[in-house]
Amino acid sequence: MTSTPRPGAEPFAADGGSTGVLLSHGFTGSPASMTPWARHLAERGHTVRVPRLPGHGTTWQDMNRTRWTDWYDELDTALTDLRSRCDRVAVAGLSMGGCLALRLAQQRPSDVDALVLVNPAVNVKRFDVKLVPALQWVIPSMPGIGNDIKMPGQDEIGYDRTPLKALASQLKMWKDVRAALPTVTQPLLFFRSTDDHVVDETSRRIILDGLSSTVVEDVTLDNSFHVATLDHDAPLIFSRTDVFLAEHLPAEHPGAAHERS
């Protein structure tokens with residue numbers, strides 16, 4: 001039985017103009033990590049969605065009953081909703097949310113017009129994580145990875161335990177996404193914290209070396225940890241995203257979305 005979402009972990013939605021932005025939180029996190037960014041985008045007139053991925057924002061035991069296809073399906077549904085309302089859609093993701101964003105770009109290239117990734121995860125060097133496919137059958141969880149935030153007083157409303165069956169599923173998704181990186185051609189805005197205690201530097205190199213995008217903006221975040229969307233560099237992420245969307249998702253003529261539907 002699924003628990004009630006924790007206060008602050010609710011999904012976010014705002015209807016605005018013809019540019020849509022779909023934002024995905026990370027593994028064991030919640031929409032709380034993306035809501036300030038989402039509100040910023042909504043204030044600039046965009047149509048914005050931040051789903052709560054299944055198993056997140058409640059208990060880690062709930063999450064251990066979900067798999068990566070459940071998380072992907074939730075975003076896929078939200079993307080379909082945005083495409084019915086908007087002329088152009090960008091997909092943005094934090095950590096595992098970045099991997100899910102890449103998967104959407106791979107599976108639905110005509111529906112994803114641009115990507116914004118913040119400390120995306122598609123790989124890890126940690127030895128204990130490499131043991132997870134076996135460990136998942138022995139122990140249900142291990143210590144959590146949440147709230148890696150430099151700024152005091154911030155909370156992504158995540159879990160203090162990492163559910164291993166869910167983590168093992170994420171590892172399978174990473175493998176699929178890495179293999180299909182050459183099919184990604186969308187303009188990309190990439191943010192990477194220099195001091196990240198969750199996702200190591202291998203993910204950045206794998207992604208940037210693997211994809212086929214001709215527009216890649218690589219931005220270093222020097223004053224944030226992993227959850228940079230709630231950290232000192234959040235204003236930089238927000239402002240650079242504004243410029244990126246204005247440049248790469250220009251508004252079409254009024255009514256274009258209605259003509260397609």
* Asked: Among Thr58, Ala101, Thr194, which residue has its Cα positioned farthest towards the positive end of the charge dipole of the chain, with +1 placed on the Cβ of Lys and Arg, -1 on the Cβ of Asp and Glu, and the dipole taken about the Cα centre?
  -> Thr58
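Could you work out the relative contact order of the chain, using alpha carbon pairs under 8 angstrom and six or more residues apart, expressed as a whole percent? Intermediate values should be presented prior to the final figure.
Working: 579 pairs, mean separation 56.3, N = 261.
Answer for the chain is 22 percent.
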* **the chain: most fluctuating residue of Thr183, Thr28, Thr77 per GNM, C-alpha cutoff 10 Å** => Thr77
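Roughly what % of DSSP beta bridges within region 83-204 run antiparallel, to the nearest 5?
So the antiparallel bridges in region 83-204 amount to around 25 percent.
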* Provide the per residue accessible area, probe 1.4 Å, for region 36-165, rounded to a whole number of square angstrom. => 39 Å²
* Asked: Between Ile139 and Ala180, what is the label-to-label distance in nm when each label sits 7 Å out along the Cα-to-Cβ direction?
  -> 3.3 nm
* Structure fact -> Connecting every pair of Cα atoms under 10 Å apart in the chain and solving the GNM, the largest mean-square fluctuation among Leu115, Leu249, Leu22 falls on Leu249
* Structure fact -> Contour minus Cα-Cα span, Thr214 to Glu247, at 0.36 nm per residue, comes to 10.4 nm
* Cα gyration tensor shape of region 93-163, rounded if a/c is under 1.5, else prolate or oblate by comparing a/b with b/c -> oblate
* For the chain, take the alpha-carbon Rg, divide it by the Kirkwood Rh, and send me Rg/Rh. => 0.94
* Treat every Asp and Glu Cβ in region 97-160 as -1 and every Lys and Arg Cβ as +1, leave all other atoms uncharged, and give the resulting dipole magnitude about the Cα centre to the nearest 20 debye. => 320 debye
* Longest DSSP-loop-exposure-free segment, trypsin sites (Lys or Arg not before Pro), the chain, at most 13 other Cβ within 10 Å -> 127-261
* So how strong a dipole does region 83-221 carry about its Cα centre when Lys and Arg Cβ are +1 and Asp and Glu Cβ are -1, to the nearest 20 debye? -> 500 debye
* **Solvent accessible area, Å² - His226, 1.4 Å probe, full protein context** => 10 Å²
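What number of lysine-lysine pairs in the chain show an alpha-carbon separation below 20 angstrom, given a sequence spacing of 8 or more or placement on distinct chains?
7
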* What percent does the relative contact order of region 130-174 come to when contacts are Cα pairs within less than 8 Å and at least six residues apart? -> 45 percent
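Where the accessible area of the chain is counted over protein heavy atoms with a 1.4 Å probe, how much of it, in %, is carbon and sulfur?
Using a 1.4 Å probe with all protein chains present, the chain comes out at 53 percent carbon and sulfur.
Just how many % of Cα pairs in region 28-157 lie over 23 Å apart, if you round to the nearest whole percent?
Value for region 28-157: 37 percent of Cα pairs lie more than 23 Å apart.
The values are calculated or read from the model by the stated rules, or taken from the named source; none is laboratory data. Model, not experiment: these values are computed from the prediction. Note: ideal-geometry Cβ built from the backbone for every residue, glycine included; neighbour counts use all protein chains shown. Please note that ligands, DNA and RNA were not included when accessible areas were found on the heavy atoms of the full protein model with its side chains. Shrake-Rupley method; radii C 1.70, N 1.55, O 1.52, S 1.80 Å.
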